[in-house]
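**Q** Encoded as C-alpha cells, here's the structure I'll be asking about.
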Amino acid sequence: MDVLTTLTADKPVVIFSKSNCCMSHTVKALISSFGANPAVIEVDKMASGQQVERALVQLGCRPSVPAVFIGQKFIGGAEEVIKLNVQNKLAQLLLGAKAIFIWTEQH
C-alpha cells in the first residue's frame, strides 16, 4: 500500500509538517481553530521521513510541507488551504470529513 494512503487512512484530517516550518504551524493553527483535531505527521522526526517527503513531492507538493489531506483526499499546501478558508469552503470540507460536527459562521 502507498505510504501516504497508509498514513492518511481512517483519519479525517492529516497534516504533513516539519517541526520548524512556519507555514506548517499556520495551517495547523487554522484547521485547529475550527475545532478539528488533525493528525500531524512531522516528517523531519520520522525514520522514513525522506520517503514520505518524496511521495508528497510526487503528488505535487512544492515545497513538500505543509501537505493537507481532508477525508483521505489531498487538498494541497498552505496556499490552497488558506484559499479554501477565504472562500468559506474549508469548514464544509471539515464537516464532510467528520473532522468537526457543527459549524456556525462567525461574523
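**Q** In sequence order, what are the phi-derived ³J(HN,Hα) couplings for segment 38-47 according to the Karplus relation 6.51 cos²θ - 1.76 cosθ + 1.60 with θ = phi - 60°, rounded to whole Hz, with x for glycine and proline?
**A** Per residue, the Karplus-derived 3J(HN,Hα) values read x, 7, 10, 10, 7, 5, 6, 10, 9, 5 Hz.
**Q** Considering only the chain, what is the antiparallel percent among its DSSP beta bridges, to the nearest 5? Kindly include the intermediate steps, with their values, before the conclusion.
**A** Values: 7 of 11 bridges.
Within the chain, antiparallel bridges account for around 65 percent of the total.
**Q** Under a point spin-label approximation (7 Å from Cα along Cα-to-Cβ), what is the GLN51-ASP10 distance to one decimal in nm?
**A** The two pseudo-label positions are separated by 2.0 nm.
**Q** Pairs to check: LYS45/LYS83; LYS45/LYS89; LYS28/LYS98. Give those whose C-alpha atoms are more than 25 Å from each other in this structure. Present the calculation step by step, with values, prior to reporting the outcome.
**A** Values: LYS45/LYS83 28 Å; LYS45/LYS89 31 Å; LYS28/LYS98 17 Å.
From LYS45/LYS83; LYS45/LYS89; LYS28/LYS98, over 25 Å: LYS45/LYS83; LYS45/LYS89.
**Q** Using 1/(1 + (r/R0)^6) with R0 = 30 angstrom and r between the beta carbons of THR104 and GLU42, what's the FRET efficiency to the nearest 0.05?
**A** Numbers: r = 32 Å, r/R0 = 1.07.
About 0.40, to the nearest 0.05.
**Q** Now a separate question. How big is D, in µm² s⁻¹, for segment 3-96 by Stokes-Einstein at 10 °C and 1.306 mPa s if Rh is the Kirkwood radius over C-alpha pairs? Working shown, then result.
**A** Details: Rh = 13.0 Å.
For the chosen part, D equals 122 µm²/s.
**Q** Follow-up question, since we're still on this one. So for segment 3-96, averaging the separation of alpha carbon pairs under 8 Å that are six or more residues apart and normalising by length, what relative contact order in percent results? Walk me through the numbers before you get to the answer.
**A** Numbers: 132 pairs, mean separation 31.4, N = 94.
Averaging sequence separation for qualifying contacts and normalising by length gives 33 percent for segment 3-96.
**Q** What is the fewest-to-most order of PHE101, PHE34, PHE16 by other Cβ atoms lying within 10 Å of their Cβ? Could you put the intermediate results ahead of the total?
**A** Details: PHE101 8, PHE34 17, PHE16 29.
Exposure proxy ranking, most exposed first: PHE101, PHE34, PHE16.
**Q** Could you give the angle, 0 to 90 degrees to the nearest 10, between helix 22-32's Cα long axis and the longest principal axis of the Cα atoms of the chain?
**A** The angle comes out at about 40 degrees.
**Q** Residue-wise, which Karplus ³J(HN,Hα) couplings in Hz belong to segment 9-17, taking 6.51 cos²θ - 1.76 cosθ + 1.60, θ = phi - 60°, and x for glycine or proline?
**A** Coupling constants for segment 9-17: 4, 6, 10, x, 9, 10, 10, 8, 9 Hz.
**Q** With +1 on each Lys and Arg Cβ and -1 on each Asp and Glu Cβ, how big is the dipole of the chain about its Cα centre, in debye rounded to the nearest 20?
**A** My answer is approximately 40 debye.
**Q** Rank these for me by crowding, LEU59, LEU90, LEU84, going from fewest to most other beta carbons within 10 Å.
**A** Placing the least packed residue first, the sequence is LEU59, LEU84, LEU90.
**Q** Can you tell me the 0 to 90 degree angle between the C-alpha axis of helix 49-59 and the longest principal axis of the chain, rounded to 10?
**A** That works out to roughly 60 degrees.
Rule-based calculations on the coordinates, nothing more; no lab input. The model shown is predicted, which means the values in this text are computed figures rather than measured ones. FYI the Cβ positions are ideal-geometry reconstructions off the backbone, even for glycines, and counts take in every protein chain you see.
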